[in-house]
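In what follows, a structure is listed as structure tokens, so that the remarks can point back to it.
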Amino acid sequence: MQIVKKAQAGSFESSDIMVLVEPSEKSGRYIEINSSVDIQFGEQIKHAINRKLDELQVVDIHLIAKDKGALNLTICARVETAVKRAAGVQKGFIS
């Protein structure tokens with residue numbers, strides 16, 4: 001999947017994660033993680049993000065994650081939503 005524009009998903013609420021994605025200026029993945037639980041779960045968060053990016057076949061991306069203690073399922077859902085929005089596959093809406 002190719003990232004063509006900036007997009008985001010999630011919130012700054014407790015137990016959630018804000019994921020911001022944009023096209024990378026260079027080839028490769030550039031992932032920045034800021035987490036309130038980084039010491040305990042930083043590697044698991046990074047692994048969950050990379051696993052979801054692998055699943056979505058995203059190679060070139062700049063991703064910023066601001067985590068407030070989200071569970072793995074939430075992390076994966078936010079990454080998938082942000083990537084699909086950035087690729088133009090899914091649009092955000094309020095119902």
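For the chain, which trypsin sites (Lys or Arg not before Pro) are both in a DSSP coil and crowded by at most 14 other Cβ atoms within 10 Å? Walk me through the numbers before you get to the answer.
Numbers: sites: K5, K6, K26, R29, K46, R51, K52, K66, K68, R78, K84, R85, K91; in loops: K5, K6, K26, K68, K91.
Of the trypsin sites (Lys or Arg not before Pro), the ones in loops of the chain whose Cβ has at most 14 other Cβ atoms within 10 Å are K5, K6, K26, K91.
If you take every DSSP beta bridge fully contained in the range 7-86, what fraction is antiparallel? Give it as a percent rounded to 5.
Working: 9 of 16 bridges.
Around 55 percent antiparallel, to the nearest 5.
How do S36, S14 line up, fewest other C-beta atoms within 10 Å first?
Values: S36 13, S14 9.
Ordered from fewest to most neighbouring Cβ atoms within 10 Å, S36, S14 come out as S14, S36.
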- [ ] Identify which of the listed values of Kirkwood radius over Cα pairs in Å was calculated from the structure shown: (1) 17.5; (2) 15.1; (3) 13.0.
- [x] (3)
Task: Whole-Hz ³J(HN,Hα) from phi, Karplus 6.51 cos²θ - 1.76 cosθ + 1.60, for the range 58-73, glycine and proline x - done: 9, 9, 9, 7, 10, 10, 10, 10, 10, 9, 10, x, 6, 6, 4, 4
Open item on the list: Could you work out how much longer the chain between N72 and Y30 gets when fully extended? Use 0.36 nm per residue separation minus the Cα distance between them, nm to one decimal.
Closed with: 13.1 nm
Open item on the list: With a cap of 14 neighbouring Cβ atoms within 10 Å, and only residues DSSP puts in a loop, list the chymotrypsin sites (Phe, Trp or Tyr not before Pro) found in the range 2-60.
Closed with: F12
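Using only helices, what value at 222 nm comes out for the chain when you add -39,500 (n - 2.57) per DSSP H run of length 4 or more and divide by the total residues, to the nearest 500 deg cm²/dmol? Kindly include the intermediate steps, with their values, before the conclusion.
Details: 2 runs with 33 residues, N = 95.
After summing the helix terms and dividing by residue count, I get -11500 deg cm²/dmol.
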TODO: Please arrange D16, D67 by counting, for each residue, the other beta carbons lying within 10 Å of its beta carbon, fewest first.
DONE: D16, D67
Open item on the list: Give me, ordered by chain and number, the residues 5 or more places off H62 or on other chains with an amide H under 5 Å from its own placed amide H.
Closed with: E22, S24, Y30
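Every read-out reported here was derived from the displayed coordinates using simple, explicitly stated rules and does not represent laboratory data. Because the structure is predicted, anything quoted here is derived from the model rather than measured. Ideal geometry is used to build each Cβ from the backbone, glycine not excepted, and the neighbour counts take in all protein chains shown.
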